1. Tell me which residues, restricted to the range 120-139, are exposed (fewer than 13 other Cβ atoms within 10 Å of the Cβ) and of a type in the set (Gly, Ala, Ser).
2. Would you call Gly142 in a helix (DSSP H, G or I) and surrounded by fewer than 12 Cβ atoms within 10 Å (Cβ to Cβ)?
3. Can you name the condition, by its number, that Thr81 falls short on among (1) at pLDDT 90 or above; (2) within 16 Å of the chain's Cα centre (by Cα)?
4. Looking at this structure, is Ser36 polar (S, T, N, Q) and touching a helix residue (DSSP H, G or I) at 6+ places or on another chain (Cβ under 8 Å)?
5. Among (1) over 30 Å from Thr108 (Cβ atoms); (2) open to solvent by less than 50 Å² (accessible area, probe 1.4 Å); (3) not in a helix (DSSP H, G or I), where does Gly45 come up short?
6. Can you tell me which of Trp59, Trp13 is within 18 Å of Pro133 (Cα to Cα) and in a helix (DSSP H, G or I)?
7. Select from the range 18-42 the residues that are assigned to a helix (DSSP H, G or I), touching a residue at least 12 places away in the same chain (Cβ under 8 Å) and open to solvent by 60 Å² or more (accessible area, probe 1.4 Å) and list them in ascending order.
8. I'd like the full set of residues that are hydroxyl-bearing (Ser, Thr, Tyr) and either in contact (Cβ under 8 Å) with a residue 24 or more places away in the chain or closer than 26 Å to Phe86 by Cα (or both), limited to the range 43-76.
Amino acid sequence: MAQPDHLRRIRCWLAVFITGLVLSGITAFPLEAELSWLASILHAGWLQPISEFTGLLPWIERVKDALRITNAIYPFLAYGTDWLAFAHLVIAFVGPYIDPVRNKWVITCGLIACAGVIPLGLIAGPIRGIPFPWRLIDCSFGIFGSIPLLLSRQSIRALEREQV
């Protein structure tokens with residue numbers, strides 16, 4: 001396989017990962033509005049019985065109420081999620097996209113971070129009162145996030161071998 005094919009594959013998988021980081025970053029800013037929107041959708045028609053049975057609707061309602069009350073009384077706490085959102089945008093892996101071989105260490109760092117999501121969700125989740133199914137969803141970000149990074153790393157290694 002020629003170098004351009006490896007580079008194209010690397011950039012494709014990194015674009016998937018970057019898109020996920022950017023979307024998760026952008027959506028961390030308007031949390032209160034997003035939760036209100038989600039709650040109204042879960043209350044609508046055929047979704048309500050399913051979302052109540054699974055416990056999703058009561059959880060979303062609880063989080064929405066907590067966020068609304070917290071933002072009304074302590075709006076400065078939302079500054080933490082603003083920084084979280086900003087961090088997602090900043091670490092969007094532009095370096096490896098431009099020069100994957102020179103910046104392969106960023107991919108390794110991203111893989112370590114993806115692996116760290118799992119113990120964080122499983123340890124901090126119960127301490128913070130997060131329902132188990134939600135913790136599994138949180139852990140899945142580390143699992144699914146590692147896939148494009150592993151595929152990118154594989155192509156970076158192939159690209160390195162061809163450059164020698």
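1. Initially, the range 120-139 is screened for residues exposed (fewer than 13 other Cβ atoms within 10 Å of the Cβ), giving 123-124, 126-129, 132-133, 137.
Of everything in the range 120-139, those that are exposed (fewer than 13 other Cβ atoms within 10 Å of the Cβ) and of a type in the set (Gly, Ala, Ser) turn out to be Ala124, Gly129.
2. Details: in a helix (DSSP H, G or I): yes; surrounded by fewer than 12 Cβ atoms within 10 Å (Cβ to Cβ): no.
When the stated conditions are applied, Gly142 does not pass them.
3. The failed condition is (1).
4. Values: polar (S, T, N, Q): yes; touching a helix residue (DSSP H, G or I) at 6+ places or on another chain (Cβ under 8 Å): yes.
Yes; evaluated as a whole, the condition is true for this residue.
5. It is condition (2) that Gly45 fails.
6. Values: Trp13 fails: within 18 Å of Pro133 (Cα to Cα).
The match here is Trp59.
7. If the condition is that a residue be assigned to a helix (DSSP H, G or I), touching a residue at least 12 places away in the same chain (Cβ under 8 Å) and open to solvent by 60 Å² or more (accessible area, probe 1.4 Å), then Ile26, Glu32 are the ones that fit.
8. Applying the first criterion (hydroxyl-bearing (Ser, Thr, Tyr)) to the range 43-76 yields 51, 54, 70, 74.
Result: Thr54, Thr70, Tyr74.
The values are calculated or read from the model by the stated rules, or taken from the named source; none is laboratory data. All of these numbers come straight from a predicted model, not from anything done at the bench. Because the Cβ atoms are built from the backbone with ideal geometry, glycine has one as well, and the counts that use them run over all protein chains shown. With ligands, DNA and RNA removed, areas are computed over all heavy atoms of the protein, side chains included. Shrake-Rupley method; radii C 1.70, N 1.55, O 1.52, S 1.80 Å.
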